[in-house]
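Novice: The structure follows.
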Amino acid sequence: AATPRDGEAAKFTALRAGLAKRPALRLTIRGIADPVADRRALAEAALTAALGPPGADVAADRAALLRVHAERIGGEPAGAPESPGWFADEAEEAAYEAALTEWFVDVREALRESFEIDDAALRRLAEARASAIRDALLADGELPPERVFLAAVAVEPGHATVDGVDAVLDLDAP
């Protein structure tokens, strides 16, 4: 996403205050996109948009997966477990449902992989991240916009963390 993480507001406040105390400093923001984590996240977002919002009805969600699979990949996905039509006991039914659920997870994974995310999309995401940081820093009007710059974005592995992708902030004095 191109929005600051929860808990980042205090950091923005501290950074704004520090820049206000040092008028000669300029801040350059370089947005980053991690090619592995962000491709997966953007493909997941595209798949979610194609499927529509999940509901409480598992059957409807599964039907949506099959519909999108037919549209994007064609036909029905292979390998679905066969239903015996009736179950000898609850354990047999539970085993079938577990196999079916796993199969739908695999179908979803194949669908997500069918959404190809190119480097241009990753650069747009990195630009949106950098702009979101700049906008948050300038939101209260205390900093003049000419002191906060956007640098060329980068698509580089290794910037993903558990809760997002970090941007690079550089301070300098002219």
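Novice: Please indicate, with yes or no, whether at least one residue in region 27-45 is part of a loop (DSSP other than H, G, I, E, B) and in contact with a Gly (Cβ under 6 Å, 6 or more places away or on another chain).
Specialist: No, region 27-45 contains no residue that is part of a loop (DSSP other than H, G, I, E, B) and in contact with a Gly (Cβ under 6 Å, 6 or more places away or on another chain).
Novice: Of the residues in region 120-140, how many are open to solvent by 60 Å² or more (accessible area, probe 1.4 Å) and free of Cβ contacts under 8 Å to residues at least 24 places away in the same chain?
Specialist: 3
Novice: Restricting to region 13-25, and then to whatever is outside any helix (DSSP H, G or I) and among the hydrophobic types (A, V, I, L, M, F, W, C), can you tell me which residue is surrounded by the most Cβ atoms within 10 Å (Cβ to Cβ)?
Specialist: Only one residue tops the list, namely Leu25.
Residue-by-condition table, conditions (1) in contact with a Phe, Trp or Tyr (Cβ under 9 Å, 6 or more places away or on another chain); (2) open to solvent by less than 60 Å² (accessible area, probe 1.4 Å):
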position: Leu27; (1), (2): yes, yes
position: Gly31; (1), (2): no, yes
position: Pro35; (1), (2): no, yes
position: Glu44; (1), (2): yes, yes
position: Gly52; (1), (2): no, yes
position: Ala70; (1), (2): no, yes
position: Glu76; (1), (2): no, no
position: Gly79; (1), (2): yes, no
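Novice: Now for a separate question. When both residues are 6+ apart or on different chains and their Cβ atoms are under 7 Å apart, which pairs have a first residue that lies in region 146-157 and is over 17 Å from Arg40 (Cα atoms), and a second that is in a loop (DSSP other than H, G, I, E, B)?
Specialist: Every condition considered, the pairs that remain are Val153/Gly31.
Novice: Related question: Looking only at residues that are within 21 Å of the chain's Cα centre (by Cα) and assigned to a loop (DSSP other than H, G, I, E, B) in region 51-67, which one is nearest to Arg112 (Cα to Cα)?
Specialist: The residue in question is Gly52.
Novice: Now a separate question. Which numbered condition trips up Ile117, out of (1) surrounded by 14 or more Cβ atoms within 10 Å (Cβ to Cβ); (2) over 26 Å from Gly164 (Cβ atoms)?
Specialist: It fails just one condition, (2).
Novice: Name the residue, out of Arg112, Arg129, Arg123, Arg134, that is within 30 Å of Asp166 (Cα to Cα), charged (D, E, K, R) and modelled with pLDDT of 95 or more.
Specialist: Of Arg112, Arg129, Arg123, Arg134, the one residue that is within 30 Å of Asp166 (Cα to Cα), charged (D, E, K, R) and modelled with pLDDT of 95 or more is Arg112.
The values are calculated or read from the model by the stated rules, or taken from the named source; none is laboratory data. In this text the structure is predicted, and so the values were computed from the model without any measurement. Positions of Cβ are backbone-derived with ideal geometry, glycine not excepted, and every protein chain shown enters the neighbour counts. Surface accessibility is based on the protein's heavy atoms, side chains included, excluding ligands, DNA and RNA. Shrake-Rupley method; radii C 1.70, N 1.55, O 1.52, S 1.80 Å.
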